[in-house]
Amino acid sequence: MVTDTRGFSIVEFVVASTLFLVVLALGFGQVDPTEGVFSTQSERVDMQQRIRAALDALERDVSGAGLGGSLSTARPSLAAWVPALWPMRLGLRGADPPGTFRPEVMTILTATPLPWVVSTAMTPVPAQSGGLRVTTEPGCPPLSSTCGLVTDMDLLVADAEGGFDVFAIVDVTAPTLWVRHIGPTSSKVYPVGSAVVPIRRRTYAVRQPVAGRPPQLAKYDGGRAPDSPVVDHVVSLAVDYFGEPDPPRMRRPLSDPSGPWTTYGPPPPVADGGVMPHISGESCLFAENGTAIGTPKLATLGSASGPLIPLRPARLTDGPWCPDPAAPNRYDADLLRIRSVQLTLRVEAALDALRGPAGLLFARAGTARTADRYAPDIELRTRITPRNLVLGR
Amino acid sequence: MTRGNPERGMALVVVLALAGLLTAATAAVISIASTDVRIAAGFRWARQLEHAAEAGLHRALVDLKALPEWTTVLSGTSRSRFVDGSPSGVRTVAGGAFVDVDVEVALAGCGRVAPCSDADRTAIVQARPWGPNNPRWRPFAYGPLHALAGTAGAAPVYLLVLVGDDPREIDGNPDVDETPPGSGAGIIRLRALAFGPAGSRRAIEATVARVGGGAGVRLLDWQSGG
């Protein structure tokens, strides 16, 4: 048996250590890019989840656009009276002026679903803050003299010709609802029998970054409360609108009690205030022609049975205006055509270190200088057709 | 016996260190990726179930259109041809999940899993404020999606479509459809539910009206119920 009790010589130790460090350095050299890939991939997973959450929130609200608001089969839904999708911001805070088109902003109008239903005004309703009483319609809770309406709900009061105003219920002293008018006060007075619809408005837009806050997809409910964030690091939202190629047309004369009288949109008034209800009068959608069937004012953009067509910003901002060109809350009648929207969302990496110079890959510049540290923005495009906007199609 | 070279263990140490690093990085990547796969699967299932519920709703519309009147539907004596047995009991969804038809009917009718008494059903609560006019939900169409799609390759989804009277009727009898010229004549509510694996589910509610003197049906509203 041979035993060797000597230790390592200094030369052996130095050589072995050097070899060990060289091998270790080579190993780490292989692992380092992997660490970069790991960072970018985990960030990309996070980006996918953010864009999924943003899309989910948008899709949930957009798909409900135009829901409810039915008074009868003759006036089947809210979307038959007023536009359900708006390319602008509506509400108390920072509302856009009439006729605005902002591709990065969308407001969704929805009637509050059952058990809330449409009731009608029991007394004339001026477009200003004050008291409001409603009739008890079928579907109203039997023990409620206010049709179940409670404080903090938003109400849309609409006449039969496309005019509407929005109010917030600030107090209830049954049977009177005390409401605050939202929007510019006008001399408009809604007649007895005007529809009173509990509604929900939601505006989506991207908030630009400020110190301490990244770019965000935010939502606004039309009241006094500020915008609330939905998803961080959403750098852009773009909305394209698609609509009916055929203008609103009258299906039957106003003297026919069965309705609905139009293919879509509010019907015209009777020509002479009710004495001759078989003659259609002038409205934002129909021109008077002395017959029972008014002439459409909007352009024919394609075949009635053809596919939906893109609605360019100019089309949605050039009039004719409903309910009339002087109304402070007027809207372009072509908004009633909208049936579908295409959403384009873009999210960025949350870490500056994973974003490169601004350009094709990055909407906002970061500090990454090598491609293996890049987590490029993700863009997603989807088309949503709210069911309640195509029920009659 | 010869004692081994004391330097021979160094390679093993280096290899183990590198292997450990790579294993940890791989495990972390797999963990993140699998979490994302599960989230994506949940998202995909939500979409599939919504489309499946809509398919069930439209299947129910086809059979409703064929019926001469809807009181028999509301009273439970007429049902769709898309059924897989009696309108009660437990069904198994592929993947081991269950659907209890009676529980779903009770949840819709009075918000609890036990069968609803008349007092439960007519109680005035926020979700059902119409008292005696609260809908009495009944199964109308139900069965596995593959039976509807006509292919065994369809997703493992079970469909259940409930019908109830339009709550805007004020006749106090949710088993009877109002007669013309009542405002609720020929109008009913449908609740279509789709059940997937692991307890996933989606619901759609819609109001349906008979139009053209019974020649057709028309959706008056459509609401995704989550």
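The values are calculated or read from the model by the stated rules, or taken from the named source; none is laboratory data. Since the model is a prediction, treat every value here as computed from it, not as a measurement. A quick note on method: Cβ atoms are made from the backbone with ideal geometry, for glycine too, and the neighbour counts reach across all protein chains shown. Note: areas computed on protein heavy atoms with side chains; ligands, DNA, RNA excluded. Shrake-Rupley method; radii C 1.70, N 1.55, O 1.52, S 1.80 Å.
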Checking B:Ala28 against (1) open to solvent by less than 50 Å² (accessible area, probe 1.4 Å); (2) touching a Lys or Arg at 6+ places or on another chain (Cβ under 9 Å); (3) among the aliphatic types (A, V, I, L, M): exactly one of these is not met. Which one? (2)
Only one of (1) farther than 30 Å from A:Arg202 by Cα; (2) at the interface with chain B (Cβ under 7 Å from one of its Cβ atoms); (3) open to solvent by less than 60 Å² (accessible area, probe 1.4 Å); (4) modelled with pLDDT of 75 or more does not apply to A:Gly68, and that is (1)
The lone condition A:Leu316 fails out of (1) surrounded by 17 or more Cβ atoms within 10 Å (Cβ to Cβ); (2) within 30 Å of A:Ala168 (Cα to Cα); (3) modelled with pLDDT under 90 is (3)
Could you identify the single residue in A:Gly193, A:Gly265, A:Gly259 that is within 27 Å of B:Leu219 (Cβ to Cβ), among the small types (Gly, Ala, Ser), crowded, with 20+ Cβ neighbours inside 10 Å and in contact (Cβ under 8 Å) with a residue 12 or more places away in the chain? A:Gly265
Please determine whether any residue of the range B:56-64 is in contact (Cβ under 8 Å) with a residue 24 or more places away in the chain, farther than 18 Å from B:Ala141 by Cβ and under 19 Å from the mean Cα position of the chain (by Cα). no
Tell me which of these A:Trp178 doesn't satisfy, since it passes every other one: (1) touching a strand residue (DSSP E or B) at 6+ places or on another chain (Cβ under 6 Å); (2) modelled with pLDDT under 90; (3) open to solvent by 10 Å² or more (accessible area, probe 1.4 Å). (2)
Please specify each residue of the range A:104-135 satisfying the condition of being surrounded by fewer than 20 Cβ atoms within 10 Å (Cβ to Cβ) and at pLDDT below 80. A:Pro113, A:Pro115
Determine which member of the set A:Leu351, A:Leu301, A:Leu311, A:Leu360 is at pLDDT 95 or above and either touching a Cys at 6+ places or on another chain (Cβ under 9 Å) or more than 14 Å from every other protein chain (Cβ to nearest Cβ) (or both). A:Leu311
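Can you confirm whether B:Gly76 is touching a Pro at 6+ places or on another chain (Cβ under 9 Å) and open to solvent by less than 60 Å² (accessible area, probe 1.4 Å)? Break it down stepwise before answering.
Numbers: touching a Pro at 6+ places or on another chain (Cβ under 9 Å): yes; open to solvent by less than 60 Å² (accessible area, probe 1.4 Å): yes.
Here the answer is yes, as B:Gly76 does meet what is asked.
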Name the one entry in B:Val90, B:Val105, B:Val73 that is within 16 Å of the chain's Cα centre (by Cα) and touching a residue at least 24 places away in the same chain (Cβ under 8 Å). B:Val105
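Do you know which of the residues in the range A:35-63 that are charged (D, E, K, R) and more than 26 Å from B:Ser224 (Cβ to Cβ) is nearest to the other protein chains (Cβ to nearest Cβ)? Outline the logic, then answer.
Here is the first cut: in the range A:35-63, the ones charged (D, E, K, R) are A:35, A:43-44, A:46, A:50, A:52, A:56, A:59-61.
Checking the rest, the ones that are also more than 26 Å from B:Ser224 (Cβ to Cβ) come to A:35, A:43-44, A:46.
Numbers: A:Glu35: 7, A:Glu43: 10, A:Arg44: 9, A:Asp46: 9 Å.
Here the residue is A:Glu35.
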What are the residues in the range B:131-147 that are surrounded by 20 or more Cβ atoms within 10 Å (Cβ to Cβ) and within 14 Å of chain A (Cβ to nearest Cβ), if any? B:Asn133, B:Asn134, B:Pro135, B:Trp137
Do any residues in the range A:309-332 that are closer than 15 Å to A:Met88 by Cα have Cβ atoms under 7 Å from those of residues that are of a type in the set (A, V, I, L, M) and in a strand (DSSP E or B), where the two are at least six apart or on different chains, and which pairs are they? A:Leu311/A:Ile338
Among A:Val45, A:Val62, the single one that is surrounded by 15 or more Cβ atoms within 10 Å (Cβ to Cβ) and at pLDDT 90 or above is A:Val62
Can you name the number of the only condition in (1) at pLDDT 90 or above; (2) within 11 Å of chain A (Cβ to nearest Cβ); (3) open to solvent by 30 Å² or more (accessible area, probe 1.4 Å) that B:Arg189 fails? (3)
Using beta carbons and a limit of 7 Å, which pairs, at least six apart or on different chains, have the first residue in the range B:116-134 and farther than 21 Å from B:Val103 by Cβ and the second one open to solvent by 60 Å² or more (accessible area, probe 1.4 Å) and modelled with pLDDT of 85 or more? B:Gly131/B:Ile124
If I ask for residues that are open to solvent by 10 Å² or more (accessible area, probe 1.4 Å) and either under 23 Å from the mean Cα position of the chain (by Cα) or on the phi < 0 side of the Ramachandran plot (or both), which ones from the range A:147-164 would you list? A:Val150, A:Thr151, A:Asp152, A:Met153, A:Asp154, A:Asp159, A:Ala160, A:Glu161, A:Phe164
Regarding the range B:114-130, can at least one residue be identified that is assigned to a helix (DSSP H, G or I), more than 11 Å from chain A (Cβ to nearest Cβ) and either in contact with a strand residue (DSSP E or B) (Cβ under 8 Å, 6 or more places away or on another chain) or of a type in the set (A, V, I, L, M) (or both)? yes
In the list A:Leu92, A:Leu114, which residue meets the criterion of being among the hydrophobic types (A, V, I, L, M, F, W, C) and within 14 Å of chain B (Cβ to nearest Cβ)? A:Leu114
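Against the definition (assigned to a helix (DSSP H, G or I), open to solvent by 40 Å² or more (accessible area, probe 1.4 Å) and acidic (Asp, Glu)), how does B:Asp102 come out, yes or no?
Details: assigned to a helix (DSSP H, G or I): yes; open to solvent by 40 Å² or more (accessible area, probe 1.4 Å): yes; acidic (Asp, Glu): yes.
Taking the combined requirement at face value, the residue satisfies it.
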Enumerate the pairs (first residue in the range A:369-384 and over 21 Å from A:His233 (Cβ atoms); second residue anywhere and in a helix (DSSP H, G or I) and of a type in the set (D, E, K, R)) with beta-carbon separation below 9 Å, excluding pairs fewer than 6 apart on the same chain, so at least 6 apart or on different chains. A:Ile384/A:Glu59
Top-ranked residue in the range B:169-186 [being touching a residue at least 24 places away in the same chain (Cβ under 8 Å) and touching a Gly at 6+ places or on another chain (Cβ under 9 Å); ranked as nearest to the other protein chains (Cβ to nearest Cβ)]: B:Ile170
Look at B:Ala127 and say whether it is closer than 26 Å to A:Gly148 by Cα, surrounded by 18 or more Cβ atoms within 10 Å (Cβ to Cβ) and of a type in the set (Gly, Ala, Ser). no
Yes or no: the range A:131-141 includes at least one residue that is at positive phi and within 14 Å of chain B (Cβ to nearest Cβ). yes
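Please work out if A:Ala238 is surrounded by fewer than 20 Cβ atoms within 10 Å (Cβ to Cβ), touching a Pro at 6+ places or on another chain (Cβ under 6 Å) and closer than 26 Å to A:Leu90 by Cα. Lay out the reasoning, then the answer.
Values: surrounded by fewer than 20 Cβ atoms within 10 Å (Cβ to Cβ): yes; touching a Pro at 6+ places or on another chain (Cβ under 6 Å): yes; closer than 26 Å to A:Leu90 by Cα: yes.
For A:Ala238, the condition - surrounded by fewer than 20 Cβ atoms within 10 Å (Cβ to Cβ), touching a Pro at 6+ places or on another chain (Cβ under 6 Å) and closer than 26 Å to A:Leu90 by Cα - is met.
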Which count do you get for residues in the range B:198-219 that are within 22 Å of A:Arg60 (Cα to Cα), open to solvent by 10 Å² or more (accessible area, probe 1.4 Å) and either outside any strand (DSSP E or B) or facing chain A (nearest Cβ under 9 Å) (or both)? 4
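For residues that are exposed (fewer than 11 other Cβ atoms within 10 Å of the Cβ) and more than 8 Å from chain B (Cβ to nearest Cβ), scanning just the range A:1-20, find the one that is modelled with the highest pLDDT.
First pass over the range A:1-20, keeping only residues exposed (fewer than 11 other Cβ atoms within 10 Å of the Cβ): A:1-7, A:9-11, A:18.
Still in the list and also more than 8 Å from chain B (Cβ to nearest Cβ): A:5-7, A:9-11, A:18.
Numbers: A:Thr5: 63, A:Arg6: 69, A:Gly7: 72, A:Ser9: 80, A:Ile10: 82, A:Val11: 83, A:Thr18: 90.
Checked the range A:1-20; the qualifying residue modelled with the highest pLDDT is A:Thr18.
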